[in-house]
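Some notes on the structure that comes next.
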Amino acid sequence: MTGAAPGTGSSPGAGGSPGRQPWRPALVDRRFTGDADAHRRDAPRFCPACGTSLDGGIAVELWEATERVFYCWCSGCGWSGEITPGAEGGVLGHEPEH
């Protein structure tokens, strides 16, 4: 049997369309597009401990009552912690006692 598996599209090298990408849902729920845009805009991009990009780490958004909180982990230095965006563009963070 030749061709792509059902529902996966054809391979990009075969001259067809690239098929569904896992980070691009087939159906976008417009109720959450504002939240997704805010996450992309506000998610921390650099580690507050070493300054390395968090592209290889984690920045997960969660909510505590009315506050948005990003739990972050840096793959460069191993730092992990919470970062809370402030109302005036600043951030709040905490560092455990040493």
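All of the numbers you see were taken from the coordinates with simple rules; none came from a lab. All values derive from a computational prediction rather than experimental measurement.
Which ³J(HN,Hα) values in Hz, rounded to whole numbers, follow from the phi angles of segment 65-71 under the Karplus curve 6.51 cos²θ - 1.76 cosθ + 1.60, where θ = phi - 60° and Gly and Pro get x?
With the stated coefficients, segment 65-71 comes to 6, 9, 8, 8, 10, 10, 8 Hz.
Around PHE46, which amide H atoms from residues at least 5 apart in sequence, or from another chain, sit under 5 Å from its own amide H, with H modelled in the peptide plane?
So PHE46 has HN proximity to LEU54.
Would you kindly derive the ³J(HN,Hα) couplings of segment 47-56 from the backbone phi angles with the Karplus curve 6.51 cos²θ - 1.76 cosθ + 1.60 (θ = phi - 60°), listing them in order in whole Hz, with x for Gly and Pro?
With the stated coefficients, segment 47-56 comes to 5, x, 8, 10, x, 6, 4, 8, 4, x Hz.
Can you give the extra length, in nm with one decimal, that the chain gains between ARG45 and ARG68 once fully stretched, where that is 0.36 nm per residue apart less the Cα-Cα distance? Don't skip to the answer; put the middle values down first.
Working: separation 23, 0.36 × 23 = 8.28 nm, distance 1.58 nm.
Full-extension gain reported as 6.7 nm.
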